[in-house]
Amino acid sequence: MTFMDMEELWTRQYPVGNDDFVKIRKQGQLYVDKTELLWRMINLSEWIFLSRPRRFGKTLIASTLQAYFEGRKELFEGLAIAEYTKEWVKYPVLRFNLSVVKDLPTEEIQPRIGMQLKEYEAIYGRDEDERTPGARLSGLIKRAYKQTGLGVVLIFDEYDAPLLGKLGDSELLDKTRTIMQEFYTPIKACSAYERFTFITGITKFSQLSIFSTLNNLNNISMLPQFAALTGFTDEELDTYFHPDIERLGRTMGVGYDEIREMLRKKYDGYYFTEAKVAVYNPFSLLSAFANQKMEDYWFKSGTPTFIFDAMQKYKTDITTLEQLLAPSDGFDVPTESMTDALPLLYQSGYLTIKDYDPETYIYTLDFPNSEVRTGFIKGLMKTYLGMEKTDTQVGFALKFWQALRKNDIELALREMKAYMAGLPYVEGFKQKLAEVSNAEGFYEWTFYIIFSMLNIYVRTQVKCIKGRIDILIKMPDTIYVMELKLHGTPLSALKHIESGDYAVPYSTDGRKVVKVGIRFDMTKLAVRDWKIKME
């Protein structure tokens, strides 16, 4: 790399937190060209819906569409869509960002939407009889069409923002939904005056409940041809970010291949369709390049509480979320029709598609990457264990892990016993224990969460031919098969492992297999004793 190349790299501008296409292009910030896909989308249908997790580029897509339909040709110079566009037309564009009414009381929603309507009414006028947001929007569409002679482009960004914070309150949700229905009604009613409509959000509320009669809304969220519409692919990393990866590697003292693999594990792994197209989280990746540091940026930017509230409401078993098998109607369903938290977990980006069986139509869902898994586990600590992450918990997990790395299971269990002895004094622990019907299951949750903080491979209730393994831990040299008992003896727990042939599937793995029977003392909420058998 020449001196000038290096100087250019250090002055490179990353659009971290900037989702305004116009500013990005005018300020010379890095822009990954997605406009060929936008061209395909525009020519697919006149009504498009796209669901993607937060911080995944939805608003940038909306902003780019606005600039395109406003005919701002100069901003698209050198981009793919410029090659396909023969005539640049300045359409009237009405774009609304509904995130501004997020978490507002219902009585404040209409006035806040009205502020955005007012900006366009200053251009196209307003009839004094138009009092509700829906009536005002309808009037705007018709006047804009009449004044320009061109179809109106409608863009609704984060359409579901007013609804998400109210998912736990059915009465409040219904009131909010009624307000938003009235606002969205003109989309269909005024279709004769429209050129294109784009709606984006995190979740998928049913068309009937939100968009009334808009039955021709084309949901492209899981279409293979738009899998890479948001996020960055490996090919795009090679095209746009090769020098950035090299620079981050030098900062962290590792080679190119190693830093590339670190980035992949940390930020890659989102699959939005059954097509084998993985994408990186754009916000996290750009933040890592800008700060020259790999951190959990997605979670630092905010963790939606409605996710964990829904998990509590539907009593989600957190130990079943990895390598989860489900049909599409188990997770790609309208939010108000869900019977468990899985649709929210998928649509919000906490789980993603990892595999698909075309014969059974079954998808495999899992955490996209280590950033999501680690941040999610931290969120579970408070939700499921009633406690915040502390140095004590991290210290225990680290000591336990170090003991296992040394193949010293006795030391690991002594550390566990010492740690568990302190849990009764953690606020909310006994209450959480009382909320689950299976106390052994609660201890499984505890181990799963604590060990997962350090990305130790831990699984609970692992299916076998003759039953389920309570806890399975995999280390580089050893596999631990654990059975938990609240009644009986450690020996009976060990015999349960052997009678169920729980260790058999791992006998040809090449690693040493250790069987562990553990008994808990319910009166003290602690590990009482254990028995170990090594193969």
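The values are calculated or read from the model by the stated rules, or taken from the named source; none is laboratory data. Given the structure is predicted, the values throughout are model-derived calculations rather than measurements. So basically every Cβ, Gly included, is an ideal-geometry build from the backbone, and we count neighbours across all protein chains shown. All accessible areas refer to the heavy atoms of the entire protein, side chains included, with ligands and DNA or RNA removed. Shrake-Rupley method; radii C 1.70, N 1.55, O 1.52, S 1.80 Å.
Helical runs (DSSP H, four residues minimum) scored at -39500 (n - 2.57) apiece and divided by the length of the chain put the mean residue ellipticity at 222 nm at -13000 deg cm²/dmol.
From most to least packed by mean Cβ count within 10 Å, the peptides 251-257, 190-196 give 190-196, 251-257.
Calculated on C-alpha atoms, the gyration radius of the chain divided by its Kirkwood radius gives an Rg/Rh of 1.03.
Given the alpha-carbon gyration tensor of the stretch 62-143, what are the semi-axes of its equivalent ellipsoid in whole angstrom, ordered largest first, with each equal to the square root of 5 times an eigenvalue?
Semi-axes from the Cα gyration tensor: 31, 17, 8 Å.
Could you tell me which of the pairs Lys266/Lys313; Lys265/Lys315; Lys378/Lys463; Lys293/Lys315 are separated by over 32 angstrom between their Cα atoms in the structure shown? Table pairs above 32 Å Cα-Cα are Lys293/Lys315. Its convex hull of Cα atoms gives the stretch 158-285 a direction-averaged projected area, equal to a quarter of the hull surface, of 10.8 nm².
Distance between the C-alpha centres of the stretch 93-163 and the stretch 240-265: 45 Å, rounded to the whole angstrom. Highest mean first, the peptides 284-294, 310-320 sorted by other C-beta atoms within 10 Å per residue fall in the order 284-294, 310-320. The slack in the chain from Gln29 to Phe299, taken as 0.36 nm per residue of separation less the alpha-carbon distance, amounts to 94.8 nm. For the stretch 84-200, the extents of the C-alpha atoms along the principal axes are 49, 38, 22 Å, listed from largest to smallest.
Each listed q (0.11, 0.15 Å⁻¹) maps to a log10 I(q)/I(0) for the stretch 1-143, found by the Debye formula over equal Cα scatterers with no solvent: -0.56, -0.95. Averaging 1/r over every pair of different alpha carbons in the stretch 114-159 and inverting the result gives a Kirkwood radius of 11.0 Å.
For Asn219, the residues whose amide H sits under 5 Å from its own are Phe49, ignoring neighbours fewer than 5 places away on the same chain, with H placed 1.01 Å from N.
From Cα pairs below 8 angstrom and at least 6 apart in sequence, can you work out the relative contact order of the chain, rounded to a whole percent? Could you put the intermediate results ahead of the total?
Working: 865 pairs, mean separation 56.7, N = 535.
That works out to 11 percent.
Order Arg250, Arg177 by their accessible area, 1.4 angstrom probe, all chains in place, largest first.
Details: Arg250 120, Arg177 35 Å².
In descending accessible area the options line up as Arg250, Arg177.
Percent of Cα-Cα pairs more than 19 Å apart in the stretch 218-301, please.
Numbers: 1321 of 3486 pairs.
Here the long-distance tail beyond 19 Å is 38 percent of all Cα pairs in the stretch 218-301.
Amide H contacts of Phe156 (H built 1.01 Å from N, in plane; Pro and chain starts excluded): Phe96, Phe198, Ile199, Thr200 sit under 5 Å, all sequence-distant by 5 or more or on other chains. For the stretch 293-343, the convex hull spanned by the alpha carbon atoms encloses 119 Å³ per residue.
Using the Cα coordinates of the stretch 486-535, the gyration tensor eigenvalues translate into equivalent-ellipsoid semi-axes of 24, 11, 8 Å, sorted from longest to shortest.
Over its Cα atoms, what ratio of radius of gyration to 2.2 N^0.38 Å does the stretch 255-342 give?
Numbers: Rg = 16.2 Å, N = 88, 2.2 N^0.38 = 12.1 Å.
With N residues counted in the stretch 255-342, Rg over 2.2 N^0.38 Å equals 1.34.
Coordinate range of the alpha-carbon atoms in the stretch 260-419 per principal axis, descending: 47, 39, 32 Å.
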